[in-house]
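See below for the structure under consideration.
The values are calculated or read from the model by the stated rules, or taken from the named source; none is laboratory data. The shown structure was predicted, so the numbers you read here are calculated from the model rather than taken from an experiment. As a convention, Cβ positions derive from the backbone with ideal geometry for all residues, glycine included, and neighbour counts pool all protein chains shown. In case anyone asks, the SASA skips ligands and DNA or RNA and just uses the protein heavy atoms, side chains included. Shrake-Rupley method; radii C 1.70, N 1.55, O 1.52, S 1.80 Å.
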Amino acid sequence: MDALSFESETMTFSLASINVNGIRAAVKRGMKDSLAATAPDVIALQEVRATNAITDGLLEDWELINFECEIKGRAGVTIGVRRDSHVKLLAKTARFGAHPQQDEALAVDTGRWLEVDVQDGDQTVRIVSAYLHSGEVGTEKMDQKYAHLDLVTTRMSELQELSNVIITGDLNIVHTELDIKNWKGNHNKTAGVLDSEIAYVDRWIDSGWVDVTRQLTGPVQGPYTWWSYRGKAFDNDAGWRIDYHLATPAMAERAKSVHVDRAPDYASRYSDHAPLRIIYS
């Protein structure tokens, strides 16, 4: 595995955020071998698109909590702890949705936000697996994205009352020119690169959330986590950095290294995203 790594010192707790682009297909293409090689303690999956029974059957080495989408074959987020890890899953803490489910929120909220507490030694850490809408300029999908971003912003403000929180996932927004290869061709033209979307990320960071990848890498181009299946995007590293770990300051201080577990070649990919794996002390 061709992992792009930015390291500092010894590490103990590993969390990988992975948009699997359909877990059944990902497993067939080698996802379990990848997980065995990198050995994260906790996984936060997005775009799972499967029932609880399916996820449990596919990833037998993991204790999982899955939030299915109400719309079959769409979205879905999962959090899992490796069964032989020192980290323990506190299953009774699971919270589904960016806010309590209500009929008017189902269209934007279902299968897109899952919170679970894990126990790491004497520390409890709240993990979020988030899959925000991709949106499409000029369509109802963009309205749904902004509606969900509003729900997420409200919930993120509430979560800041806790010390140890990591919000992981595919947020479907780049933050700056450093986070996309073709900024000029996409800025204010393509969903995910609109100033009105970027303003949400600005607001989250200004309120105290730490972009852990950027904290560890500094102002470098990338590292990208998503490449279109079209054309030669992967081969040319024409990617986007849209997968994040956003952490509370106390948790961000524990971040020691970031790894983008990029497949060595196009044929070896099990998703159009690469796992974003960060290790915390």
- Item | Residue tally, condition of a type outside the set (A, V, I, L, M, F, W, C), loosely packed, with under 14 Cβ neighbours inside 10 Å and within 20 Å of K145 (Cβ to Cβ), over the range 180-206 | 5
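Residue-by-condition table, conditions (1) part of a strand (DSSP E or B); (2) open to solvent by 30 Å² or more (accessible area, probe 1.4 Å):
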site	(1), (2)
Q215	no, yes
P223	no, no
R230	no, yes
A238	no, yes
H245	yes, no
H259	yes, no
A267	no, yes
- Task: Give me a count of the residues in the range 2-28 that are among the hydrophobic types (A, V, I, L, M, F, W, C), open to solvent by 10 Å² or more (accessible area, probe 1.4 Å) and modelled with pLDDT of 95 or more.
- Result: 2
- Give the range 265-281 a look and list any residue that's at pLDDT below 95 and touching a strand residue (DSSP E or B) at 6+ places or on another chain (Cβ under 6 Å), or say none. S281
- Query: When the residues of the range 118-149 are filtered to those that are over 13 Å from L194 (Cα atoms) and in contact (Cβ under 8 Å) with a residue 60 or more places away in the chain, which remaining residue is surrounded by the most Cβ atoms within 10 Å (Cβ to Cβ)?
  - Reply: S129
- Query: So, in the range 67-86, of the ones that are free of Cβ contacts under 8 Å to residues at least 40 places away in the same chain and open to solvent by 10 Å² or more (accessible area, probe 1.4 Å), which residue ends up farthest from the chain's Cα centre (by Cα)?
  - Reply: D84
